[in-house]
Amino acid sequence: MTRRSLLAFFGLLLAKPLTVLAAWNEQAFGAKTAADALKNIGASAAAPSKDIVIEAPQIAENGAVVPIEISSNIPGTTSIAVVIEKNPFPLAGKFDFKENALPFVKLNVKMGETSDVRVVAVAGGRQFVATREIKVTIGGCGG
Amino acid sequence: MAGPMKMRASVAGGFTEVRVLMTHPMTTAQSGQALHFIQNITVKQNGKAVVEAEISQAVSRNPVFSFRLKGGAKGDKIEVSWLDNKGETNKIETAVA
């Protein structure tokens, strides 16, 4: 390795943002079916649970902004993932909660059409899932 | 080019509620524009990471998130940062009110 390439290499290291960990599950986010997305986050065998609370409109008039509020009442929840079954790329997000965070998140998502929304919670190494259908009047994936 | 962020953090009912807005186009592959979206979000409380999120282009334009942290007190420092698929990044810090 030449001195110049070594300098370039360290330059690249310095250019990386230091405040954000850049882990992004390309396989899971690139999955085109909900089953594949769930498999890639290790949640194929999630058990249905009533302790995952999903608050969302029954009918979303604007698919570009669908508010979803999620909280898990399962003790020891460390992670929540949102999978929108009929979106082109179903996995919308995965939230990891450290010990000082409550397993809660509110976010706005885009939905192309009426779809089941699956929320997967991980607690004590086990996967749980709750499903909620949201009807969409005007799809919002062109944004 | 990272647009401005806004954040509000308050303590009530035994937890800290953090509401954050990020200015970002969040463009999808379906829009005909270049794919440009936030991929990673980190929430820190007094310098310690408490929420790490990975998100997709399915999150709406100019994302707004709410998070909840156990306990907390007025004056706690909350920092939220994001990183997008083009390597752009931004962050905001505020004290809990």
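The values are calculated or read from the model by the stated rules, or taken from the named source; none is laboratory data. Just so it is clear, the model here is predicted, and its values are computed rather than measured. Cβ sites come from the backbone with ideal geometry, for glycine too, and all protein chains shown count toward neighbours.
Say whether the condition of being assigned to a loop (DSSP other than H, G, I, E, B), at pLDDT below 95 and surrounded by 14 or more Cβ atoms within 10 Å (Cβ to Cβ) is met by at least one residue in the range B:10-33.
Yes, because at least one residue in the range B:10-33 is assigned to a loop (DSSP other than H, G, I, E, B), at pLDDT below 95 and surrounded by 14 or more Cβ atoms within 10 Å (Cβ to Cβ).
Condition test on residue A:117, is it β-branched (Val, Ile, Thr), farther than 22 Å from residue B:30 by Cβ, part of a strand (DSSP E or B) and within 15 Å of the chain's Cα centre (by Cα)?
no
Restricting attention to the range B:52-77, which residues are assigned to a strand (DSSP E or B) and under 28 Å from residue B:31 (Cβ atoms)?
Listed by number, the residues that qualify are B:52, B:53, B:54, B:55, B:59, B:64, B:65, B:66, B:67.
Quick one: which residue in B:49, B:53, B:9, B:29 is among the hydrophobic types (A, V, I, L, M, F, W, C) and over 20 Å from residue A:95 (Cα atoms)?
B:29
In this structure, does residue A:55 turn out to be among the acidic types (Asp, Glu), within 8 Å of another protein chain (Cβ to nearest Cβ) and either under 15 Å from the mean Cα position of the chain (by Cα) or surrounded by fewer than 19 Cβ atoms within 10 Å (Cβ to Cβ) (or both)?
No: the conditions fail for residue A:55.
Has the range A:98-111 got any residue that is within 20 Å of residue A:61 (Cβ to Cβ), more than 7 Å from chain B (Cβ to nearest Cβ), surrounded by fewer than 18 Cβ atoms within 10 Å (Cβ to Cβ) and free of Cβ contacts under 8 Å to residues at least 60 places away in the same chain?
no
Can you tell which of A:19, A:2 is at pLDDT below 95, over 23 Å from residue B:19 (Cβ atoms) and of a type outside the set (A, V, I, L, M)?
Going through A:19, A:2 in turn, the sole match is A:2.
Take residue B:67 and tell me if it is at the interface with another protein chain (Cβ under 7 Å from one of its Cβ atoms), farther than 27 Å from residue A:84 by Cβ and either touching a Cys at 6+ places or on another chain (Cβ under 9 Å) or not charged (D, E, K, R) (or both).
In short, no.
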